[in-house]
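Everything below concerns the one structure shown next.
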Amino acid sequence: METKALKRLSDLYILLIFAFLYIPIIVIVIYSFNASKSNAVWTGFTFDWYAKLINDDDVLSAIQNSLTIAAFSTVLSAIIGTIGAVGLHKYKFKGKGVVNLLLYIPIVIPEIIMGISLLVYFSMLQMNFGIFTLVLAHTTFCMPFVLINVKARLAGFDSSIEEAAMDLGANEFTVFRTITLPIIFPAVISGAMLAFALSLDDVIINFFVGGPESTTLPIKIFSMLRFGLSGEINAICTVMLVITFLVLIVSQTIKLKVQK
């Protein structure tokens, strides 16, 4: 009896956690189909907010900017983070401990400080603020997440496999391409998807290093909220959720295929 009671209590606890996490998201999705301009009362089902969203050029431009920045910064973060993790795992050099420590600074530093520092840095270089500066900024704070993921995967890596391949005549690049990369690829994908999600919803750094022609979707939503929470904002959030879930499904599918 005690075991059954504990199991029911455990199930209830898990259910409450999932309810706490996902009920607000479900509410946003439901109210994106609400005919009322106010989210206070449900007045009927409609697709009008999605039709308005499709015809809103500013929002569509912001979505395009966000996806472009997230895609480029994710690819750059994955490449740089993977190379950095492999290098830190394989080679020993003076100051390696300091480098490992510095990797955590972009993660733990307050985002507003990073935004201001990047603003000052790009201003010193006299760079025009826009998509390019946003990609550089996002790569800066996303890359450590990929590197740490890959580095954790490499912690249990058996280097004797690489040594055996090199004894059989394979060069370092062939060993990395055919042995190391397939083994660490799930970690690369996990870090890349985390980087994509972080890039897609960033507000503070976008505010500091973005230009007038590079408004991202989070900044656009933030500006729209000044006039109140409307159904169009709920529709935008729903579209972002769908995009995020699609990316997650694709990444998990790729990971499963690689692991097989």
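The values are calculated or read from the model by the stated rules, or taken from the named source; none is laboratory data. Here the structure is a predicted model, which is why all the values come from computation and not from measurement. Neighbour counts are summed over all protein chains in view; Cβ atoms, including those assigned to glycine, are modelled from backbone coordinates with ideal geometry.
Just one of (1) over 23 Å from residue 214 (Cα atoms); (2) surrounded by 13 or more Cβ atoms within 10 Å (Cβ to Cβ) trips up residue 68, so point out which.
If we test residue 68 against (1) over 23 Å from residue 214 (Cα atoms); (2) surrounded by 13 or more Cβ atoms within 10 Å (Cβ to Cβ), just (1) comes out false.
Which members of region 106-124 meet the condition of being part of a helix (DSSP H, G or I), without any contact (Cβ under 8 Å) to a residue 60 or more places away in the chain and more than 28 Å from residue 189 (Cβ to Cβ)? Step through it out loud before you land on a result.
Keep residues of region 106-124 that are part of a helix (DSSP H, G or I), which gives 106-108, 111-124.
In the following step, the residues that additionally are without any contact (Cβ under 8 Å) to a residue 60 or more places away in the chain were identified as 106-108, 113, 117, 120-121, 123-124.
Within region 106-124, 113, 117, 120, 121, 123, 124 meet the criteria.
If you check residue 171 against the conditions, is it loosely packed, with under 13 Cβ neighbours inside 10 Å, of a type outside the set (Asp, Glu) and in contact (Cβ under 8 Å) with a residue 60 or more places away in the chain? Reasoning before the result, please.
Working: loosely packed, with under 13 Cβ neighbours inside 10 Å: yes; of a type outside the set (Asp, Glu): yes; in contact (Cβ under 8 Å) with a residue 60 or more places away in the chain: no.
Judged against the criteria, residue 171 is not a match.
Which numbered condition in (1) without any contact (Cβ under 8 Å) to a residue 24 or more places away in the chain; (2) under 15 Å from residue 203 (Cα atoms) is the only one that residue 97 fails?
Of (1) without any contact (Cβ under 8 Å) to a residue 24 or more places away in the chain; (2) under 15 Å from residue 203 (Cα atoms), only one is false for residue 97: (2).
Could you check region 203-223 and list, in sequence order, the residues that are touching a residue at least 12 places away in the same chain (Cβ under 8 Å), under 25 Å from residue 37 (Cβ atoms) and not β-branched (Val, Ile, Thr)?
Passing the criteria: 217, 218, 220, 222.
Among the listed residues 93, 45, which satisfies the condition of being touching a Phe, Trp or Tyr at 6+ places or on another chain (Cβ under 6 Å), at pLDDT below 85 and surrounded by fewer than 16 Cβ atoms within 10 Å (Cβ to Cβ)?
Working: 93 fails: touching a Phe, Trp or Tyr at 6+ places or on another chain (Cβ under 6 Å).
Testing whether each residue is touching a Phe, Trp or Tyr at 6+ places or on another chain (Cβ under 6 Å), at pLDDT below 85 and surrounded by fewer than 16 Cβ atoms within 10 Å (Cβ to Cβ) leaves just 45.
Check residue 20 against each of (1) more than 27 Å from residue 204 (Cβ to Cβ); (2) surrounded by fewer than 10 Cβ atoms within 10 Å (Cβ to Cβ) and name the one condition it does not meet.
The number of the failed condition is (1).
Given (1) among the β-branched types (Val, Ile, Thr); (2) farther than 24 Å from residue 192 by Cβ; (3) crowded, with 19+ Cβ neighbours inside 10 Å, identify the lone condition not met by residue 86.
Residue 86 satisfies all of (1) among the β-branched types (Val, Ile, Thr); (2) farther than 24 Å from residue 192 by Cβ; (3) crowded, with 19+ Cβ neighbours inside 10 Å except (2).
Considering only region 149-254, give the helices (runs of 4 or more DSSP H) lying wholly within it that have at least 1 residues that are among the hydroxyl-bearing types (Ser, Thr, Tyr).
Numbers: elements: 160-167, 172-175, 181-200, 204-209, 217-224.
Here the list reads 160-167, 172-175, 181-200, 217-224.
Output the helices (runs of 4 or more DSSP H) that fall wholly within region 1-105 and possess 3 or more residues being within 25 Å of residue 224 (Cα to Cα) and in contact with a helix residue (DSSP H, G or I) (Cβ under 7 Å, 6 or more places away or on another chain), or say none.
Working: elements: 2-31, 48-54, 57-90, 96-102.
Once the helices (runs of 4 or more DSSP H) in region 1-105 are filtered for at least 3 residues that are within 25 Å of residue 224 (Cα to Cα) and in contact with a helix residue (DSSP H, G or I) (Cβ under 7 Å, 6 or more places away or on another chain), what remains is 2-31, 48-54, 57-90.
Given the conditions (1) farther than 21 Å from residue 145 by Cα; (2) in contact (Cβ under 8 Å) with a residue 12 or more places away in the chain, report the number of the one that residue 254 does not fulfil.
(1)
Please verify whether residue 183 is under 24 Å from the mean Cα position of the chain (by Cα), farther than 29 Å from residue 249 by Cα and surrounded by fewer than 18 Cβ atoms within 10 Å (Cβ to Cβ), treating the condition exactly as stated.
Values: under 24 Å from the mean Cα position of the chain (by Cα): yes; farther than 29 Å from residue 249 by Cα: no; surrounded by fewer than 18 Cβ atoms within 10 Å (Cβ to Cβ): yes.
In short, no.
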